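A.B. asks: Have a look at this one before I ask anything.
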Amino acid sequence: MNTLLWILQILLALFFIMPGWGKISASKEQHIADRHIKPGASILPIRILGVLEWLGCIGIVLPWLTGIWRVLTPIAACGFCVIMVSGIANHTIRKEYKMLPMLIVVLALGVVVAYFRFKQLY
């Protein structure tokens, strides 16, 4: 079971690296063109989300690997679940249904990691 959880943790980290980088590095004009924000809106929430995704990538692997503050790994998985639930809601509102199956799968992976890593702690 531990090997499966490690595979899921690494998959989750890999899944969030590129979108996080895109949110951090893309210009405001690019985010407007991609419909992430409306013209005139602040870019700050997108940048914060990108930073949180990158912190989650570190938090889902490093604490469990080092044994230091291991509780941060299932907390990071819960954070990814929150991001996925909000992503599902956002894409549903925008009627972008093609994204939903992938988001639901990633949500399920996050739930599995969070549940079993919390279970291993206590």
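The values are calculated or read from the model by the stated rules, or taken from the named source; none is laboratory data. Just so it is clear, the structure is predicted and the values come from calculations on it, not from any experiment. Cβ coordinates were reconstructed from backbone atoms using ideal geometry, including for glycine residues, and neighbour counts include every protein chain displayed.
A.B. asks: How many residues, within the stretch 9-27, are in a helix (DSSP H, G or I) and surrounded by fewer than 16 Cβ atoms within 10 Å (Cβ to Cβ)?
C.D. replies: Of the residues in that region, 9 qualify.
Residue-by-condition table, conditions (1) of a type in the set (Gly, Ala, Ser); (2) within 19 Å of Ile24 (Cβ to Cβ); (3) modelled with pLDDT of 95 or more; (4) out of contact with any strand residue (DSSP E or B) (no Cβ under 7 Å at 6 or more places or on another chain):
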{"residue": "Leu44", "(1), (2), (3), (4)": "no, yes, no, yes"}
{"residue": "Leu52", "(1), (2), (3), (4)": "no, yes, no, yes"}
{"residue": "Ile75", "(1), (2), (3), (4)": "no, no, yes, yes"}
{"residue": "Leu107", "(1), (2), (3), (4)": "no, no, yes, yes"}
{"residue": "Gln120", "(1), (2), (3), (4)": "no, no, no, yes"}
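A.B. asks: Here is a follow-up. Taking the conditions exactly as written (without any contact (Cβ under 8 Å) to a residue 60 or more places away in the chain, under 24 Å from Asn2 (Cβ atoms), assigned to a helix (DSSP H, G or I) and more than 10 Å from the chain's Cα centre (by Cα)), does Ile48 satisfy them or not?
C.D. replies: no
A.B. asks: If you don't mind, another one. Could you look through the stretch 35-45, keep only residues that are free of Cβ contacts under 8 Å to residues at least 24 places away in the same chain and not in a helix (DSSP H, G or I), and pick out the one that is surrounded by the most Cβ atoms within 10 Å (Cβ to Cβ)?
C.D. replies: Selected residue: His36.
A.B. asks: Restricting the search to the stretch 59-78, which residues are more than 11 Å from the chain's Cα centre (by Cα), hydrophobic (A, V, I, L, M, F, W, C) and assigned to a helix (DSSP H, G or I)?
C.D. replies: Leu62, Trp64, Leu65, Leu72, Ile75 - these are the residues of the stretch 59-78 that are more than 11 Å from the chain's Cα centre (by Cα), hydrophobic (A, V, I, L, M, F, W, C) and assigned to a helix (DSSP H, G or I).
A.B. asks: Something else: Are there any pairs with C-beta distances below 8 angstrom linking a residue in the stretch 79-100 that is in a loop (DSSP other than H, G, I, E, B) to a residue that is modelled with pLDDT under 95 and of a type in the set (Ser, Thr, Tyr), with the two at least 6 apart or on different chains, and if so which?
C.D. replies: The qualifying pairs do not exist here.
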